[in-house]
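A quick write-up on the structure given underneath.
Just so you know, all these numbers are worked out from the coordinates, no wet-lab data involved. What you are looking at is a predicted structure, and each value in this text was computed from that prediction instead of being measured. Cβ placement follows ideal geometry from the backbone for every residue including glycine, while neighbour counts extend to all protein chains displayed.
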């Protein structure tokens, strides 16, 4: 078992994928799949939430035993992270105590070899020049397709809205009523069209602007 930095953990994503690995469930735990098909930054993933009525130390011991001796370990302020490359897949387990007798584990299994091309300007939106795409997640859950893109830049809320308007118009999306929130530093707006819907959240804080665009049942361009 070794302690690694985040950079070394991410480097493990270079391995080729073969077959989805599995981890045994803790006895009596409740397992919730997060989406039927998930793709984060182009990488196919399986995500699970595990709730166990036991202290965090016991749940951590369970996953340490399940992963075996060759895994990475990282301690964060509010959780413990286990990571392992297994047969070309990258497995992470994040263990967090909700209270002294209830613990949550988030289990993710990534398949880097199945990654699609990930661009820094997804969806065909011409994002403002000082923008950085920090997350791009796709999922299929209950027959509904969803995609969420998170962008960070240093521009005003209005400048971000202006950049996205051509994309909304081209897809026949129009505001679904007045904004749920509209302030100089924040906007929450729902959009609707014949083919699906979207939610736009923009929040500016301490010089950074965070844009979260969620699409439901909409066709999209990579």
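Side notes on the structure shown:
- Modelled label positions at residue 102 and residue 208, each set 7 Å beyond Cα in the direction of Cβ, lie 3.0 nm from each other.
- Here the gap between residue 150 and residue 61, fully extended at 0.36 nm per residue and compared with their Cα-Cα distance, gives a gain of 28.6 nm.
- A Stokes-Einstein calculation at 25 °C with viscosity 0.890 mPa s, built on the Kirkwood radius of the stretch 122-216 over Cα pairs, returns a diffusion coefficient of 180 µm²/s.
- Per-pair calculated FRET efficiency, R0 = 30 Å: residue 70 and residue 180 via Cβ, rounded to 0.05: 0.05
- Beta-bridge orientation, the chain: approximately 95 percent antiparallel, per DSSP, counting only bridges with both partners inside.
- FRET efficiency, residue 33 to residue 201 (Cβ-Cβ, R0 25 Å, nearest 0.05): 0.50
- Ranking of 131, 108 by count of other Cβ atoms within 10 Å, fewest first: 108, 131
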